[in-house]
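These notes are about the structure you will find just below.
The values are calculated or read from the model by the stated rules, or taken from the named source; none is laboratory data. As the structure is a prediction and not an experimental result, all values here were calculated from the model. Methodologically, a virtual Cβ is constructed for each residue, glycine included, from the backbone with ideal geometry; neighbour enumeration extends over all protein chains shown. Note: accessible area is taken over every heavy atom of the protein model, side chains too, but ligands, DNA and RNA are not part of it. Shrake-Rupley method; radii C 1.70, N 1.55, O 1.52, S 1.80 Å.
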Amino acid sequence: MFTELTKLGEETVQKAMKQGADEAESFIMFDKELIIEVADQEVENMKVAETRGLGMRVIKDGRMGFAYTADLTANGLDFVVKQALDNAKIAAQDEFNRLPQPGDDKYPQLDIYDPAIEQIPEEKKIQLAKDIERYAREYDRRVKITERCGYQDALYHVAIVNSNGINQEYRGAYCGAYAFLVAQEGDEQQTGFGLQYRLKFDQLDPKQVGEEGAEKAVRMLGAKEIGTQRATIVLDPYVATNFLGVIAPALSAEAVQKGKSLFAGKVGQQVGSSLLTIIDDGAMEGAVVSAPMDGEGVPAGKTVLIEKGKLKGFMHNTYTAAKDGVTSTGNGIRASFKGTPEVGTTNFYIAPGNTSREKLLREVDKGLYITEVMGMHTANPISGDFSVGASGLWIEKGEFVQPVKGIAIAGNIKDLLNSIDCIGTDLTFFVGKGSPTIRISRMTISGS
Amino acid sequence: MFNKEDLAEVLKIALQNGGDFADIFVEQKKTTAISLEAGKVERVSSGLDVGAGIRVILGDNTSYAHTNDITIDGLKKIAEVVGKAATGKAPRRDFSLMEVPANWQPSYKKKPSTVPIEEKVALVEKANKAARDVDWRVKQVTVGYGDVEQKVTIANSEGTFVEDERVRTRIIINVVAQDGDVIQTGFESAGGLKGFELFDEVDVVELARKAARRAVAMLEAKPAPAGKMPVVMAAEAGGTMVHEACGHGLEADLVRKKLSVYAGKLGQKVASELITVIDDGTREGKYGSLQYDDEGTPASKTVLIEKGILKSYMYDKFSAMKEGRQSTGNGRRQSYQHRPIPRMTNTYIAPGDTDPQEIIADTERGLLVMKMGGGQVNTTNGEFVFDVAEGYLIENGKVGPMVRGATLTGNGPRVLQIVDKVGSDLGFAIGTCGKDGQGVPVSDAQPTIRIPEMVVGGILEED
């Protein structure tokens, strides 16, 4: 496959080499996005978008410079080459600055591009968005407001060319359905959401998305405050993936090398309950974040980071791998063409356990099922300390008896991982992060 | 970039199949980012982002398209695309574009593009050294410098034509301190709608020391207590509380869809009479300031709550149109890739007349917040949280030991109703506010205030 993207990549890399770069790399991305949002069975927002851009890294005397452009005319391409080279003059020298070499590892063959996503007529997509809302309203008459309810799809096309001989291109597409709803009773309003992102259009289930959002909103009506105490905590899969967002940076080799990881120096040690296994898998079948390669052209693959509570290793990009004398795990992630490939996650998840969610909950005598956390972005991935606002459902003798609001839960990630006493079978993905239901033996709940 | 005739033609294409309103936003943005970590300037990045977005509004429906192709043909192409999406009654009005006068004019003394990159790197290195010199327990320092020069051209079918340039400069410093197994962090930032002259006013050495001192002091802090207690927020703590407790809930899109606890309460008492809340996009040099918003409306000062009475929401054009009123100049967007929505600019609680020291002296027991971190709100039920980046216990009216790791949670309207002391001081902090996946620069401020009870998310001793 040699298209316009590869041509842009080859031209800019050659230009940078001619102007004195020791190594050069171009990352080119074209994407197309469609968003349809409905409210009260009418289309409220429609967005059709195309984005194109190129990001260039050059290395000169061990110094790395970066520049990007969304202007792909001669003017923008001249800018990006010149600026990347200029920036390389100022950045610090670092012997580990390097671009990947074409390796022996093959690129995984993944079924991530379904052309049907683009071909399906817009009316069908609009109908799907309307169906989600209809199912939500039908589920319970107290579901009265649609905050956002919609369908989204994206097609992307990526090329990575570097002066070491990597010259790769791939395409992908995904689609999604979501509902953010409000249930009302008297003066009280509570929110709930459902979402699904899939690689194929017919894998979207509007009924499930709508009803899930509705159920989550309705079950919070009548929420009360509870007193400060220590109790068993059960994390809903979505809430657990919020915690994964805090754990992820600590499992990056970059954080370890800079002394910013709570897992530094603990490879081979027990860092969590023996029930806990955490995996990153960039080549996972059927997962929306899967791709044949990472943002610098290294083949994607599966990396077990924590296995049965034992720390196995960290995620690497080419730079951190060179520094540690290992191979990149294919975790050089780019948020877009505007950024350098930094160590990050692909499909990052907690492996399922062998207790059903029902049994996991039934075993709780008194405890709190957490359905929403607020302020997780304020948790500290370096120290592991977190303190977040929360709401959920109070459990007594294995049954949900009362919705709860206005509380906070606090602790340290290290203690949290060690206190996991049960993991469900219900692994659920929320785009790039997934988790089953997780039970924590004891934690502080701050209330009134 | 484009002349009025060309843009008028593009807008007419967008409206050819119908529509009540169309606008276009063309952007050219140059960015610089420098990051230093582990004592080394690791990343030096330059960016050139160009693009345009066109919107057509028809009744309650908004269609939006964007492209990186900002030739006149590129604009016409997306105008066709949105024009097709908005098909309906076509009140074909003719219009011609005219400049709109602004309420104020920002001044940029040293445009970042005129400052040699070596000078920017030197600044970052100076901050790093200052932070590391504070204490041997400082283990890691990250310094991030960023500047943006954004040129925009905005035109709409009401005849608005605006060309504007926004220049923003900022620095962030993050310090990690470690002693044995304990790791803590300290964070400081500064930024404004201004050029490199920011650093004539902000001493990066002092800023870096402040971040480092906090990280080190936190090593010895005890976990925060858990449960309900009085909370005093110092002016220098910043304004995250007002931003979350009422700012978001006063954005007109959320109000219109009844997704805010403040919906339908105009003219009613929603806060203690000590509370006046203002959003002001015209404050010279502040991070959230704008000459025009991203819909070409001149930025203005809006009194949102006056002595406890709800006076106004923050409007963009769409919400204003729906309510038959004028935009308050709060229609903002992250870039040409996003449609504008109501957003805050510089939001603050106006100072009262109590001596801040007296507020602490008058509090027997509670938590003193000296620096707020990030926050979040569910506007639908008013529940909000914010992080305490630096906190102390108050014991017998005196500042006691430092505590760490606390989030405060409360209900917006309730917290504002029970505020019982408002100080005569005012302190700003900057941030990037996220909403619907769009980040925009804002600042928030509060005087010293006391809330008789909030839930502190701390830790109980093992029982």
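Looking at the stretch B:323-440, the strands (runs of 3 or more DSSP E) lying wholly inside it that each contain 2 or more residues that are at pLDDT below 95 and in contact with a helix residue (DSSP H, G or I) (Cβ under 6 Å, 6 or more places away or on another chain) sit at B:365-378, B:383-395.
Quick check on this structure: which one of A:240, A:253 is touching a Phe, Trp or Tyr at 6+ places or on another chain (Cβ under 9 Å), crowded, with 23+ Cβ neighbours inside 10 Å and not basic (Lys, Arg)? Spell out the reasoning first.
Values: A:240 fails: touching a Phe, Trp or Tyr at 6+ places or on another chain (Cβ under 9 Å).
Only one candidate qualifies: A:253.
Quick check: anything in the stretch A:362-369 open to solvent by 20 Å² or more (accessible area, probe 1.4 Å) and hydroxyl-bearing (Ser, Thr, Tyr)? There is no residue in the stretch A:362-369 that is open to solvent by 20 Å² or more (accessible area, probe 1.4 Å) and hydroxyl-bearing (Ser, Thr, Tyr).
Scan the stretch B:96-145 for residues that are under 23 Å from the mean Cα position of the chain (by Cα) and either in the same structural domain as residue B:335 (by TED's automatic domain parsing) or within 12 Å of residue B:36 (Cα to Cα) (or both) and jot them down. Scanning the stretch B:96-145 gives B:142, B:143, B:144, B:145.
Considering the stretch B:4-118, the qualifying strands (runs of 3 or more DSSP E), each wholly inside and each with 1 or more residues that are within 24 Å of residue B:327 (Cβ to Cβ) and more than 14 Å from every other protein chain (Cβ to nearest Cβ), run over B:21-37. State whether the residues of the stretch B:242-259 include one that is touching a residue at least 40 places away in the same chain (Cβ under 8 Å), open to solvent by 20 Å² or more (accessible area, probe 1.4 Å) and over 18 Å from residue B:332 (Cβ atoms). Looking for residues that are touching a residue at least 40 places away in the same chain (Cβ under 8 Å), open to solvent by 20 Å² or more (accessible area, probe 1.4 Å) and over 18 Å from residue B:332 (Cβ atoms), one finds none in the stretch B:242-259, hence no. Number of residues in the stretch A:137-156 that are out of contact with any helix residue (DSSP H, G or I) (no Cβ under 7 Å at 6 or more places or on another chain), away from every other protein chain (no Cβ under 13 Å) and assigned to a strand (DSSP E or B): the value is 1. The set of residues in the stretch A:221-250 being under 12 Å from the mean Cα position of the chain (by Cα) and either within 15 Å of residue A:402 (Cα to Cα) or polar (S, T, N, Q) (or both) consists of A:241, A:242. State which residue is nearest to the chain's Cα centre (by Cα) when the search covers only the stretch A:365-376 and only residues that are farther than 19 Å from residue B:382 by Cα and of a type outside the set (Phe, Trp, Tyr). Per the stated criteria, the residue is A:368. With respect to residue B:150, determine if the residue is open to solvent by 10 Å² or more (accessible area, probe 1.4 Å), within 14 Å of chain A (Cβ to nearest Cβ), touching a strand residue (DSSP E or B) at 6+ places or on another chain (Cβ under 8 Å) and more than 27 Å from residue B:346 (Cα to Cα). No; evaluated as a whole, the condition is false for this residue.
I need the strands (runs of 3 or more DSSP E) fully contained in the stretch A:223-312, keeping only those with at least 1 residues that are within 29 Å of residue B:37 (Cα to Cα). Can you show your working first?
On the way: elements: A:229-235, A:278-281, A:302-307.
Here the list reads A:278-281, A:302-307.
Consider residue B:300 carefully, then state whether it is under 23 Å from the mean Cα position of the chain (by Cα), surrounded by fewer than 24 Cβ atoms within 10 Å (Cβ to Cβ) and closer than 20 Å to residue B:350 by Cβ. It is true that residue B:300 is under 23 Å from the mean Cα position of the chain (by Cα), surrounded by fewer than 24 Cβ atoms within 10 Å (Cβ to Cβ) and closer than 20 Å to residue B:350 by Cβ.
Per-residue answers, yes or no, for (1) within 14 Å of another protein chain (Cβ to nearest Cβ); (2) in contact with a His (Cβ under 8 Å, 6 or more places away or on another chain); (3) without any contact (Cβ under 8 Å) to a residue 24 or more places away in the chain:
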{"site": "B:301", "(1), (2), (3)": "no, no, yes"}
{"site": "B:307", "(1), (2), (3)": "no, no, no"}
{"site": "B:313", "(1), (2), (3)": "no, no, no"}
{"site": "B:323", "(1), (2), (3)": "no, no, no"}
{"site": "B:333", "(1), (2), (3)": "yes, no, no"}
{"site": "B:349", "(1), (2), (3)": "no, no, no"}
{"site": "B:352", "(1), (2), (3)": "no, no, no"}
{"site": "B:367", "(1), (2), (3)": "yes, no, no"}
{"site": "B:380", "(1), (2), (3)": "yes, no, no"}
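The requirement of being of a type outside the set (Lys, Arg), more than 14 Å from every other protein chain (Cβ to nearest Cβ) and in contact with a His (Cβ under 8 Å, 6 or more places away or on another chain) is fulfilled nowhere in the stretch B:408-417; no residue meets it. Going by the conditions given, is residue A:406 in contact (Cβ under 8 Å) with a residue 40 or more places away in the chain, open to solvent by less than 20 Å² (accessible area, probe 1.4 Å) and within 18 Å of residue A:348 (Cβ to Cβ)? So residue A:406 does not fit the description; no.
Evaluate the following for residue B:195: is it surrounded by fewer than 18 Cβ atoms within 10 Å (Cβ to Cβ), more than 30 Å from residue B:415 (Cα to Cα) and of a type in the set (Gly, Ala, Ser)?
Details: surrounded by fewer than 18 Cβ atoms within 10 Å (Cβ to Cβ): no; more than 30 Å from residue B:415 (Cα to Cα): yes; of a type in the set (Gly, Ala, Ser): yes.
It is false that residue B:195 is surrounded by fewer than 18 Cβ atoms within 10 Å (Cβ to Cβ), more than 30 Å from residue B:415 (Cα to Cα) and of a type in the set (Gly, Ala, Ser).
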